[in-house]
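Data first, discussion second: the structure below is written as structure tokens.
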């Protein structure tokens, strides 16, 4: 292209802003028809998608991408089916837009309430997985937002092929092409432009590794919905049911090692440690989990447990490693979590009502659980239908972010010629 | 002080973070008792407050502050009574903290809902009015947040005197002194430190002129709840009731000239202009309002109306000046408001249901009104009890921000040993 990257991004931004006005007043039926139309086009164009993806994969191999990167980049017939199913599922979710709540008469005679509205234009910045293009576009479209999508440069052919399917679907139902725009340049200046244009972009959702998210958060002049770390804890209280404690602590660590809602540190009250830790250590060792413990833990479990360092308590392993600490009170557990944790997801295992109530109130995390595995912290498991990500920010959306997190509310006021005196 | 300003602010931040944990679990009764205790101390210490304020006023006069600045700075017995009444009123408001909503069983068997919690630590940066110290502290305290208050250097003695009253009240009910901290240095580096410490400060609320807010927004690494401009519109639709149109357009401009919710631009449909504009022009001229109009407006009202420039449409006068534009459609009015407005408060005057519905849906502002004066956009008038400010941001809080805007929600999950499969 002959225009500069900045001019190109401003052009995209302006078009997105204009399209957002049209989407904000689009009917639920029209948005659902668009989602179904895009699903139909993806079905018809599966071959084209696979061949565009083959180009990206070949280039990725030539560029020496590792196996994990290539796996994330790959589209398969099964993954395309999942994308199509995802679109059709979002079409079945209730439309949050236009909902009016709490209309009340005030002493002056005016009637005041709130109406749910789209945020406007959402920028999504992500890495190699091409399916994010469809997941993010579908949630933004359903919530009445225009989207500017910037995927990884290694997925450029796949993302452009998906973009053509989206454009075709939008055109079929008469929605503007700029409702969903996929950035066509792989120039990194495009990201810089996207995150510094509050006049055209209302919020950025970064999806990817911690490095990407830290960089975007540091440089953005647009609000960012994000989480950085998932240092999740399970605390086995003095009053825990031993069987439930073992079941949950096993699942929270070993069901999958990589997700952000996997437990990284197990906290155990000293009064119950001798009952729960030896059987748990057997399970973890069978499943190949390396254990790192405080001195009391090593006294109990032996020196097969590595000595945990200060750094372990604030490390997200995303791997078969678990740090374990034995504590002498609930207060100590709450302090440890608020100090070392990442405010993502933390659980207490207890049969004691007061301990559960204190943990729920005092642990300052986006999800706080009693007698359930941290692995449940997820938009689908919470009944949101789908999620665009998980937020550990305190403002706006916190925890798994579904359609509602992509909306705002404005005040509406009804009068009959009322004036202020 | 011998420590650096940065070290001092870090010390305040750490203390605030610790205090915020105590406040988060404080009972409603304890918070209300603190508010009443602070009110009692203010009553007992009125003389001390007035004499501290006299110091600030004398210094302000010596420094050549203008009459308007000195008026904002002044405490009077009536203003102290208002502060005391404000504290007692906030004590009567319902406590938002701890409310649990939407607990639902999911197919996996877990029960998921949301609990309302404080944001944590709120930094308030304001200018000369010392009463902001009490208003802001009371709302933050009631919503379970620790506060760091940084007032104008010209009000330092008044603010320190108020701070001593707050400290005394907090101590009486056993809440930590760091629940409300007033910055003791007038060094501007303190503001820079406050707005760049996300580890200690969760949100900044700036209260003051546009210059202050722009500077803070540009430099902050902490989220800011704010509005910059109040370019509010009244649109008199073709289907307006003439009597209501005149009443509302008069009130929206002339009830007070300075507030952010005062109308700055009047938009009129061409089919009704000849009926409403001549009588309105008479009213405005009687009340000393300068009119600036589009060519059609000047054709109708004569050359006593100044020709409006492009700049007039995006100017917040905060003064007895009004720009007027005659338009040929509702679409044109909505486009004008979304383009030139500040997304603060805009009203339509109409008897037509469909026009009202379109205006409510399509105008992208924090408050949108039908047949009511823009002057109603205010926390008290909306029934929030009190407000910490008005937000035109789309994320988190939008419109007048009361206690709920100073809180967040976290997900809570109840299980019975549930694990993810």
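From the largest down, region A:377-419 spans 48, 21, 12 angstrom on the principal axes of its Cα atoms. Distances between copies at residue B:228, taken between label points 7 Å from Cα along the C-beta direction, are 2.7 nm in increasing order.
Can you tell me the FRET efficiency between residue B:196 and residue B:153 if r is taken as the Cβ-Cβ distance and R0 is 25 Å, rounded to the nearest 0.05? About 0.80, to the nearest 0.05.
Label point of residue A:331 set 7 angstrom out along Cα-Cβ; within region B:1-33, amide nitrogens under 13 Å from it belong to B:22. Which of B:345, B:297, B:361 moves the most in a Gaussian network model of chain B with Cα springs under 10 Å? The residue with the greatest mean-square fluctuation here is B:361. Taking the longest Cα principal axis of chain A as reference, the axis of helix A:242-254 is set at about 50 degrees. Across the copies of the chain, residue B:92 has label points (7 Å from Cα along Cα→Cβ) spaced 5.1 nm apart, shortest distance listed first. The mean sequence separation of alpha-carbon pairs under 8 Å and at least six residues apart, normalised by the residue count of region A:148-210, gives a relative contact order of 36 percent.
Taking the longest Cα principal axis of chain A as reference, the axis of helix A:131-142 is set at about 70 degrees. At the listed q of 0.13, 0.16, 0.17, 0.21 Å⁻¹, the Debye profile of region B:303-421, built from one uniform point per Cα, gives log10 I(q)/I(0) equal to -0.67, -0.91, -0.99, -1.29. For region B:304-344, what D do you get in µm² per second when you plug the Kirkwood radius from alpha-carbon pairs into Stokes-Einstein at 4 °C and 1.567 mPa s? For these conditions, the coefficient is 113 µm²/s.
Using only alpha-carbon positions in region A:255-294, the gyration tensor eigenvalues give semi-axes of 19, 13, 9 Å once each is multiplied by 5 and square-rooted (largest first).
Summary for residue B:351: label point 7 Å along Cα→Cβ; distances to the equivalent points in the other copies, ascending, 7.2 nm. Seen from all directions on average, chain B presents a Cα convex hull projection of 25.1 nm².
Take the Kirkwood radius over Cα pairs of region B:112-192, plug it into Stokes-Einstein at 37 °C and 0.692 mPa s, and you get 248 µm²/s for translational diffusion. Summary of the geometry: region A:309-377 and region B:323-392, compared by the centres of their Cα atoms, lie 46 Å apart. With the convex hull of its Cα atoms as the shape, region B:126-266 has an orientation-averaged projected area of 11.3 nm². With the cut-off at 1.5 for a/c, could you classify region B:38-197 from its C-alpha gyration tensor as rounded, prolate or oblate? Prolate shape, in that a/c is at least 1.5 and a/b is the bigger ratio.
The modelled label-to-label distance for the pair residue A:306/residue B:318, using points 7 Å beyond Cα in the direction of Cβ, is 5.9 nm. Taking every Cα-Cα distance in region B:277-337 and sorting them into 5 Å bins from zero, the calculated P(r) comes out as 4, 18, 27, 25, 19, 6, 0 percent.
Taking every alpha-carbon pair within region A:1-113, the share separated by more than 23 Å comes to 62 percent.
With q set to 0.04, 0.07, 0.08 Å⁻¹, the log10 of I(q)/I(0) for the protein assembly as shown, from the Debye formula over equal scatterers at the Cα positions, is -0.19, -0.60, -0.78. A convex hull fitted to the Cα coordinates of region A:1-58 yields 120 cubic angstrom per residue.
Between the Cα long axis of helix B:28-44 and the first principal axis of chain B there is an angle of about 80°, rounded to the nearest 10. At R0 = 45 Å, how high is the FRET efficiency between residue B:76 and residue B:99 if r is their beta carbon distance? Nearest 0.05 is fine. So, using R0 = 45 Å, E works out to roughly 0.75.
Reported value for region B:241-321: 88 Å³ per residue, from the convex hull of its C-alpha atoms.
Each part gets one Cα centre, and for region B:168-226 versus region A:113-150 those centres are 33 Å apart. The eigenvalues of the Cα gyration tensor, multiplied by 5 and square-rooted, give region A:232-376 an equivalent ellipsoid with semi-axes of 20, 17, 15 Å from largest to smallest.
Chain B has one residue whose beta-carbon comes closest to the axis relating it to chain A; that residue and its distance in whole Å are B:396, 2.
Every number in this text was worked out from the coordinates using simple rules, so none of it is lab data. From a predicted model like this one, the values you see are computed outputs, not experimental measurements. Positions of Cβ are generated from backbone atoms using ideal geometry, with glycine treated the same way; all protein chains shown enter the neighbour counts.
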